[in-house]
Amino acid sequence: LFLHFVCSCSFNSRVAAFQTSRRAQRHDGVSAINPSGSLHVSLPQYSQQLSYSRSQLDMMQSARRYSSASSSPLFNDQTGNDAISTSEAKKDPILSYVAPWARALAIFVLGYGIGGASAPGWQRQSKAMRKIHFTKIALAILILRDLWRSTPQWAKPRITAYGREAMRLFTYPYRKLKNGANEIERDGVDDGNDITDFSNLATKVQNVMNVAKVKLELEGDDSDAAAQNSIARDGNVQATFLALIQLLWQVKMRQGSSRDQIYQESGTPVPDEMLLASGMDEAFELADLAYDEHKDGSLKEVLKDIGYNLIKHDKTAVPGYLGHYVAISSDPTKEKVAVIGVKGTSNLEDFLTDMCASAIEYNIRRPFCEGGSDTLRCHEGVFISSQRLAEELLPIIKNLLIPSGYKIIIAGHSLGAACSTILAILLRSNIPSLRNNSNMKVWAFASPPVLDLDSALGCSSFVTTVVNNCDVVPRSNICPLVVTVSLLRVVNKRLKEQELDMSNFKSTISFLNKIKEGSHGDMLMDADDIRLEIDSAIDREVLQDPNHLYVPGKVVVMYDLWGKEEKNNQNKGEGEKDFSNTLKDWLQMAEGTDMHSSDAHMENMTTAEDAILCDGTGKALRFVELDGRLLDDHMAPQYRNSIANILSSRRKQSTEEKES
């Protein structure tokens with residue numbers, strides 16, 4: 001009100017001064033009424049004379065009266081009746097100056113009086129609101145509203161169903177007394193495969209945790225239980241983990257060639273004809289397009305530019321369902337090819353599907369390969385999603401693509417790679433003509449372990465899985481976890497032997513000094529001891545264990561050479577990189593990682609330099625390689641760079657051999 005008072009006075013003063021100047025300008029002019037009734041006005045500031053007829057003059061006077069009557073008396077010194085005329089202003093200039101201030105003061109006093117009269121009521125209302133915690137209740141309602149608006153659409157029906165169920169439970173005693181009800185009605189039928197049901201999801205995740213817990217406990221009981229289980233009991237898991245990371249960093253800087261031997265012993269070199277003529281680079285681009293995050297236009301436009309016509313695109317984002325697209329080749333002079341691209345993990349819904357990782361036995365219509373079985377054990381979330389996708393695509397493939405003579409390529413990355421494999425298995429099981437290996441090909445990039453041993457080996461004729469370096473996803477299963485934990489237990493034992501286990505103040509200081517040494521400190525174990533422990537842990541695991549899943553098909557493992565990095569560090573004297581700075585770099589890279597970005601730090605990272613051919617039982621895939629790139633190596637830009645680097649080097653070698 002005070003600001004209103006001040007602004008009103010200032011504005012009225014300006015209006016009064018403006019109107020006074022305008023009246024002075026009007027009196028400076030010369031006006032006369034002609035005998036015909038028209039008004040003749042002559043103004044000094046204009047070079048022309050203006051003449052108005054009687055009718056025009058009447059219209060101007062009417063407009064002036066209307067404007068004067070409709071204007072606010074607070075901002076105009078003239079009312080509809082011209083209470084303060086020009087002559088009065090000349091007679092009493094003090095009145096013309098005081099009047100605007102008096103009006104504004106009157107309004108201020110009126111508002112202040114009303115506010116003062118209503119103040120006790122507001123105080124009583126404020127006390128009542130504080131008593132019932134109105135502010136907290138209102139804040140909680142606003143937060144719940146925003147949470148509801150941000151809740152995915154697929155989850156809202158479940159939440160409302162749980163709300164209705166809670167109301168039924170709350171009102172059950174009353175309904176039982178009134179209606180004699182003996183049971184509580186429930187919404188719908190419980191479907192154990194419905195991952196959107198939170199209770200089903202929690203049960204499936206709990207099953208995975210229980211299996212992992214049992215396996216780790218059994219692994220500890222196979223040897224000295226008191227020593228093996230001391231990691232969790234003593235609470236020094238973090239210290240053991242840091243010590244293992246430091247140890248592997250020391251191996252990388254000093255004895256990197258020993259790690260390269262593990263990869264080389266896991267398989268055989270990939271033949272040049274398989275790499276150069278397979279179309280791996282084009283297949284990866286088709287798999288990456290399923291994410292629909294390209295910068296060159298819509299998916300339809302991008303596919304058209306590379307010679308495909310989009311016929312179906314589903315962007316479903318629901319747990320247990322998969323986004324995908326279907327496209328066919330557009331060049332009539334080339335071979336007819338149909339591409340099915342399956343999207344990988346890119347949102348919360350996909351991550352929930354990943355978490356349902358129990359190995360469950362399923363029946364299929366008929367064996368998908370010669371000599372195979374009509375049952376298989378598979379990643380639960382992947383099978384549920386792939387089965388729904390197969391039911392959706394089966395009519396298109398069976399009634400359109402196969403009769404038209406199209407060969408089918410299924411490609412995917414991450415979760416999409418795993419689902420591509422299961423989709424192909426289900427299609428081969430339902431359509432006998434697809435068992436001809438030339439009619440269907442699957443490219444699975446960064447696939448997690450999804451099949452039991454026999455099924456994973458049985459699909460080698462039509463599935464090619466590509467793994468980049470130390471990508472953690474193809475190693476995300478019980479067996480690699482058990483082997484890695486076994487190595488952690490050995491490191492923990494060495495820490496206790498050297499009094500570095502952080503069990504007291506002295507050992508804690510010694511441990512921190514040990515970590516501070518970085519890559520130049522004494523190694524708890526040398527590279528040969530680490531290899532022996534890994535081999536021993538792998539040998540203890542049974543390949544046919546029903547809880548173990550494997551990467552499917554033929555596996556191309558791309559890897560960089562630690563031995564070359566070791567030599568470079570020795571030549572340049574750069575082995576002194578601080579271990580703490582290394583950990584900081586890893587955290588920064590993990591935080592800034594984007595699944596499909598091609599920013600500078602992703603492009604400049606080390607790419608794979610060589611590749612081996614193996615299957616899901618390869619030693620390199622049976623343990624988790626704790627390197628700073630275990631997450632970055634899973635991302636699409638790293639796969640693209642590694643594939644391009646290996647293909648380029650192989651083409652160069654092939655050209656040099658031909659020339660020589």
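The values are calculated or read from the model by the stated rules, or taken from the named source; none is laboratory data. Here the structure is a predicted model, which means the values were calculated and not measured. With ideal geometry, Cβ positions are generated from the backbone for all residues, glycine too; neighbour counts draw on all protein chains shown. Quick note on the areas: whole protein, heavy atoms, side chains included, nothing else; ligands and nucleic acids left out. Shrake-Rupley method; radii C 1.70, N 1.55, O 1.52, S 1.80 Å.
Any residue at all in region 379-390 that's touching a Phe, Trp or Tyr at 6+ places or on another chain (Cβ under 7 Å) and closer than 18 Å to G553 by Cβ?
There is at least one residue in region 379-390 that is touching a Phe, Trp or Tyr at 6+ places or on another chain (Cβ under 7 Å) and closer than 18 Å to G553 by Cβ.
Let me confirm something: among L543, L532, which residue is at pLDDT 55 or above, open to solvent by 60 Å² or more (accessible area, probe 1.4 Å), among the hydrophobic types (A, V, I, L, M, F, W, C) and closer than 29 Å to R377 by Cβ? Spell out the reasoning first.
Working: L532 fails: closer than 29 Å to R377 by Cβ.
After applying the criteria, what remains is L543.
Every residue in region 631-656 that is open to solvent by less than 40 Å² (accessible area, probe 1.4 Å) and aliphatic (A, V, I, L, M), please.
M635, A636, I643, I646, L647, listed by residue number.
Going residue by residue through region 559-579, is there one that turns out to be open to solvent by less than 50 Å² (accessible area, probe 1.4 Å), more than 15 Å from F445 (Cβ to Cβ) and at pLDDT below 55?
Yes, that holds for at least one residue.
If the requirement is being farther than 22 Å from I195 by Cα and without any contact (Cβ under 8 Å) to a residue 12 or more places away in the chain, which of these qualifies: N439, N430, N469, N399?
On the way: N439 fails: without any contact (Cβ under 8 Å) to a residue 12 or more places away in the chain; N430 fails: without any contact (Cβ under 8 Å) to a residue 12 or more places away in the chain; N469 fails: without any contact (Cβ under 8 Å) to a residue 12 or more places away in the chain.
After applying the criteria, what remains is N399.
Answer with yes or no whether N439 is of a type outside the set (A, V, I, L, M, F, W, C), out of contact with any strand residue (DSSP E or B) (no Cβ under 6 Å at 6 or more places or on another chain) and open to solvent by 20 Å² or more (accessible area, probe 1.4 Å).
Here the answer is no, as N439 does not meet what is asked.
Just to be sure, is V483 touching a helix residue (DSSP H, G or I) at 6+ places or on another chain (Cβ under 8 Å), more than 30 Å from G371 (Cβ to Cβ), at pLDDT 90 or above and open to solvent by 20 Å² or more (accessible area, probe 1.4 Å)?
Values: touching a helix residue (DSSP H, G or I) at 6+ places or on another chain (Cβ under 8 Å): yes; more than 30 Å from G371 (Cβ to Cβ): yes; at pLDDT 90 or above: yes; open to solvent by 20 Å² or more (accessible area, probe 1.4 Å): no.
No; evaluated as a whole, the condition is false for this residue.
So which residues in region 343-375 are open to solvent by 50 Å² or more (accessible area, probe 1.4 Å), in contact (Cβ under 8 Å) with a residue 60 or more places away in the chain and assigned to a helix (DSSP H, G or I), if there are any at all?
Within region 343-375, L348, M355 qualify.
Among the residues of region 602-611, is any modelled with pLDDT of 85 or more, under 30 Å from E361 (Cβ atoms) and not small (G, A, S)?
No, region 602-611 contains no residue that is modelled with pLDDT of 85 or more, under 30 Å from E361 (Cβ atoms) and not small (G, A, S).
Conditions first: (1) closer than 17 Å to A417 by Cβ; (2) surrounded by fewer than 22 Cβ atoms within 10 Å (Cβ to Cβ); (3) not aromatic (F, W, Y). E659 passes all but one, so which condition is the exception?
Answer for E659: the failing condition is (1).
K496 versus (1) part of a helix (DSSP H, G or I); (2) more than 29 Å from L453 (Cβ to Cβ); (3) open to solvent by less than 60 Å² (accessible area, probe 1.4 Å): which is the lone unmet condition?
Answer for K496: the failing condition is (3).
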